[in-house]
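Written out below as structure tokens is the structure these notes cover.
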Amino acid sequence: MNNNNLTIIGKPLLKVDAMQKVTGETRYADDLSLPRMLYGKLLRSVYPHARIVGINTSRAEQLPGVFAVITGKALPIKYGIMPSTQDEEALCVDKVRFVGDPVAAVAAIDEETAERALELIDVEYEPLAPIMTIRDALDEKLPRIHGYSDHHNIHKFVSLEFGDLAAGFQAADHVREDTFFYEGDTHLPMEQHAAVAQFSSDGRLTLWSSTQTPHYVHRALEKTLEMPRGHIRVIATPVGGGFGGKTDPFSHEIAACKLSMLTGRPVKITLTREEVFYTHRGRHPVLMWVKSGVKRDGQITALHFKTMLDGGAYGSYGIATTYYTGALQTVTYKIPAYKFEGLRVFTNKPPCGPKRGHGTPQPRFGLEIHLDKIARDLGLDPAEMRRKYVVDDGTKTVNHLTITTCGLRECIDAVIAASGWREKRLEIRDSKSPISNLQSRTKRGLGLACSSYLSGAGLPIYWNELPHSGVIVKVDRGGGVAVFCGSTDIGQGSDSLLAYIAAEEFGLKPNDIHVFTADTDLTPVDLGSYSSRVTVMTGNACIQAARSVKQKILAAAAEKLFVPAASLVMRDGIIVCEDDENRQLSFVQAVNLAEAKFGTLSGTGSYKPPKRAGPFKGSGVGPSPSYSYAACVAAVSVDTETGVVTVDKLYLAHDAGRAINPLLVIGQAEGSAYMGLGEALMEESAFRKGMHKIPSMLDYKSPTTLDTPDIQTILVETIDPEGPYGAKEAGQGPLLPVPPAIANAVFDAVGVRIDEVPITPDKVLKALEEKAKGRAPRVGPKDFPNMKYPEPIKVEPPENAPQL
């Protein structure tokens, strides 16, 4: 298909499920109600770290209305999302590792009875010393949280070196070191986690769950329940927000299934908002150290980056997250020599995982502020310094990642022009004269940051040669088109994507397409809605499936019309000859001719990313079919008396390849910006005496509509060869530049550095006080622990990587 003749792709259309959602027709997991359904609840630990001495469930079992009570003995098999870290138990067997770890589950006639039953379960604990910080986890005198790890409570070490780092620093005209800290935070989806399980009389199990990854939940149930996967059906219900928080298999899903198997009745478990905070899998707190060498014009000659991640109590995606804190630092700017050292520790807090941007917002925060400081050290414009050394199309990075297309220069140019960067910076500089300072306590500033993100991971979680995404397209005699795919719509519009592509290929309207997704019995496997993989992977599979059916329909129509199939086009519900428009058939007529000629009309499509892993251990994290790019200018005002930072406007440019639907891409970009705003200014998962201080939406600070500034979003289209119609990711990358852009804008406004998030008023005031006393005007980590990392794996760069 000629991409210049697209009629659906590239148009600002409604989502196919928009009306159902706004009218309340959409049925989420907690809306489901089955005959004879019971209600389940989980009893959770009140200790951050303790051995389980004993559990007595007899009183709960005797309560009228209780049908089953189970403990860890009923579900002893460990599981986890990563094959290398199968360290979770649906119900803890002998040890709890954070406040909120589940230890028992009940199924009762209603929620109130289930709650009363939990109160009747007696658990005897032997408390252990809790480990609540990265520095605590490095102390070998404190007890181990798990029996496995790279070293004591260090879950994972990573040490990699690419190119000649020593030569790179020797060639530098200027060398700078900095430390940064990114506080952990949570996803805060509107919909709480919920699951309904039904074990039927034929020995088959069905689970409806609010999950982003039905395929991996399917695998976890097979393992923990010791049932053949072919007897288990997982259906992902519409997801009311995920952001990565629903990508693991969870204890409530497994417990609901076990309780249904024991009682012979459906069981629903819906988590409370407090429980969602404990389920977590949110942003890792990360301590960072960065050292760069640069030439006088800002060209990077060497980069050394260290990270320490607070992983919480379990593995989750943590090994991948550790690699991600280093892998993508090289795909924005040309870096000829790079060393990355990372480690992840276990602590007695809810487990961290893959929040939007998975492991990349934290190092991007550190790197972009670090580069801003270097630009000021050298007297360079921060925008020009970045722009000059952006990576080029069709090249490799020093750590063996492939750049297909890069629109970052265009993104920088777009936000510089939209924000009036040069003019406003001059105005701001003039406003800081002594006379102006007397007139106002509010100071204005502009800050810039850039970023990149992957369009799906290049390798699956379980390494194999199978497709990452599959699609089946079926066309019936009435002209109805059905698309079947295992992907999950979590609000990003993946169901709409499938409808748009099928409609484009068949010359129909999106509402002519019926989309069926995320059902392991009915749909082909898709690995899940995470890592911004769905547009590229599911989209390519859908095109392949649609075109295989399309060829049959066109062949049958060509035979009927006595014209070559190549001369026919599908548009507006008809099939017409481009050379003679009098020769045409309706879509329904052509479909019937094709079915008569070929039999039942269906087509399959699948997608596997190109093999691009590098020649070293750990190279499976980072490769992607393509990378998106973004640049952000933040305009802020800082009240020097209160320390309050107000973001007045965000200018955000995003290279998402071709925008399948510009309206949805802009929505994704602005949703990312909103989330980045919250992380920059207020969101944090804070703990006191082993307990989450604020596990509720009343106390956990998150931006409201009143806090959200005007966001000007500019789409840069690079038309990537790997994507469907040239598309790249859109849902996560735009978050990354927002926090560092705000931090750089605060410095531009009042001359103080806040090298950690959230940037709260007390930190701004503290930095201003230090500045007034003639000390370093900075708030952030004072040092980086003197931890010896393993000797690095040394890797030669590819031939077309940046050179010194």
If you split all Cα-Cα distances of segment 400-521 into 5 Å bins from zero, what percentages do you get per bin, shortest first? 2, 7, 12, 10, 10, 10, 10, 9, 7, 7, 6, 5, 3, 2, 0, 0
Name the residues whose placed amide hydrogens come within less than 5 Å of the amide hydrogen of Ser685, ignoring near sequence neighbours (fewer than 5 apart) on the same chain. Gly184, Asp185
Could you tell me the ratio Rg/Rh of the chain? Both radii from Cα atoms, Rh via Kirkwood. 0.99
Segment 68-128 - convex hull of alpha carbons, volume per residue in Å³: 111
Under Karplus coefficients 6.51, -1.76 and 1.60, residue-wise ³J(HN,Hα) of segment 451-463 in Hz, glycine/proline x: 6, 8, 8, 8, 9, x, 6, x, 10, x, 4, 9, 4
Placing unit charges on C-beta atoms (Lys and Arg positive, Asp and Glu negative, everything else neutral), compute the dipole magnitude of segment 50-100 about its Cα centre in debye, rounded to 20. 140
Pulled fully out, how much extra length does the chain show between Ile793 and Glu641, if you take 0.36 nm times their separation in residues and subtract their Cα-Cα distance? 49.7 nm
What is the spin-label model distance, in nm, from Thr7 to Thr272 if the labels are put 7 Å beyond Cα along the C-beta direction? 5.5
What would the Debye formula give as log10 I(q)/I(0) at q = 0.14, 0.16, 0.17, 0.21 Å⁻¹ for the alpha-carbon point model of segment 691-794, no solvent? -0.92, -1.01, -1.04, -1.15
Give me the lysines in straight-line cross-link reach of Lys339: C-alpha distance below 24 Å, same-chain residues under 8 apart excluded. Lys156, Lys291, Lys295, Lys306, Lys373, Lys388, Lys396, Lys611, Lys617, Lys782, Lys788, Lys794
For segment 1-110, which GluC sites (Glu not before Pro) are in a loop by DSSP, counting at most 16 other Cβ atoms within 10 Å? Glu25
Largest to smallest principal axis extent of the C-alpha atoms in segment 213-310, angstrom: 72, 32, 24
I need the semi-axes of the equivalent ellipsoid of segment 261-345: take the C-alpha gyration tensor, multiply each eigenvalue by 5, square-root it, list largest first in whole angstrom. 42, 12, 11
Where the convex hull is taken over the Cα atoms of segment 468-569, what is its projected area averaged over directions, in nm²? 6.7
Rounded to the nearest whole number, the per residue volume of the convex hull around the C-alpha atoms of segment 1-128 in Å³ is 219
Ordered by number, the trypsin sites (Lys or Arg not before Pro) in segment 274-313 that occupy a DSSP loop and have at most 13 other Cβ atoms within 10 Å are Arg296
Within segment 378-413, name every residue whose backbone N is under 19 Å away from a label modeled 7 Å from Cα of Asp173 along the Cβ vector. 378-390
What percentage of the solvent-accessible surface of the chain, computed with a 1.4 Å probe over protein heavy atoms, is contributed by carbon and sulfur atoms? 51
Show log10 I(q)/I(0) for segment 344-467 at q = 0.11, 0.14, 0.18 Å⁻¹, two decimals, from a solvent-free Debye sum over equal Cα scatterers. -0.61, -0.87, -1.16
For segment 596-741, size of Cβ-based charge dipole, Lys and Arg +1, Asp and Glu -1, in debye: 960
Considering only protein heavy atoms, what per residue accessible area in square angstrom results for the chain with a 1.4 angstrom probe? 37
Contour minus Cα-Cα span, Ser440 to Arg36, at 0.36 nm per residue, comes to 138.7 nm
For segment 236-284, inverting the pair-averaged 1/r of distinct alpha-carbon atoms gives a Kirkwood value in Å of 12.3
Dipole of segment 1-126, positive end: most advanced residue of Val103, Gly54, Val123 [Cβ charges, Cα centre]: Val103
For segment 226-234, what does the Karplus curve 6.51 cos²θ - 1.76 cosθ + 1.60, with θ = phi - 60°, yield as ³J(HN,Hα) per residue in whole Hz, taken in order and with x for Gly and Pro? 6, 10, x, 4, x, 9, 10, 10, 10
Asp202/Glu112 FRET efficiency (R0 25 Å; Cβ-Cβ; nearest 0.05): 0.20
Kirkwood Rh, Cα atoms: Rg over Rh of segment 261-403: 1.14
Local electrostatic count, Ala107, Cβ distance below 10 Å [Lys/Arg +1, Asp/Glu -1]: +4
DSSP-assigned coil residues among GluC sites (Glu not before Pro) in segment 714-804, each with at most 14 further Cβ atoms within 10 Å: Glu799
Two-site label geometry, Ala166 and Thr705: point separation in nm, points 7 Å out along Cα→Cβ: 6.1
Full-extension gain between Arg296 and Phe516, please, as 0.36 nm times their residue separation minus the C-alpha to C-alpha distance. 73.5 nm
Where nothing but the Cβ of Lys and Arg (+1) and of Asp and Glu (-1) is charged, how large is the charge dipole of the chain around its Cα centre, in debye to the nearest 20? 1000
With x for Gly and Pro, the residue-by-residue ³J(HN,Hα) of segment 244-259, computed from phi through the Karplus equation 6.51 cos²θ - 1.76 cosθ + 1.60 at θ = phi - 60° and given in whole Hz, is x, x, 10, 9, 8, x, 10, 4, 5, 5, 5, 5, 4, 5, 5, 5
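The values are calculated or read from the model by the stated rules, or taken from the named source; none is laboratory data. The shown structure was predicted, so the numbers you read here are calculated from the model rather than taken from an experiment. With ideal geometry, Cβ positions are generated from the backbone for all residues, glycine too; neighbour counts draw on all protein chains shown. Side chains are part of the model used for accessible areas, which takes the heavy atoms of the whole protein and leaves out ligands, DNA and RNA. Shrake-Rupley method; radii C 1.70, N 1.55, O 1.52, S 1.80 Å.
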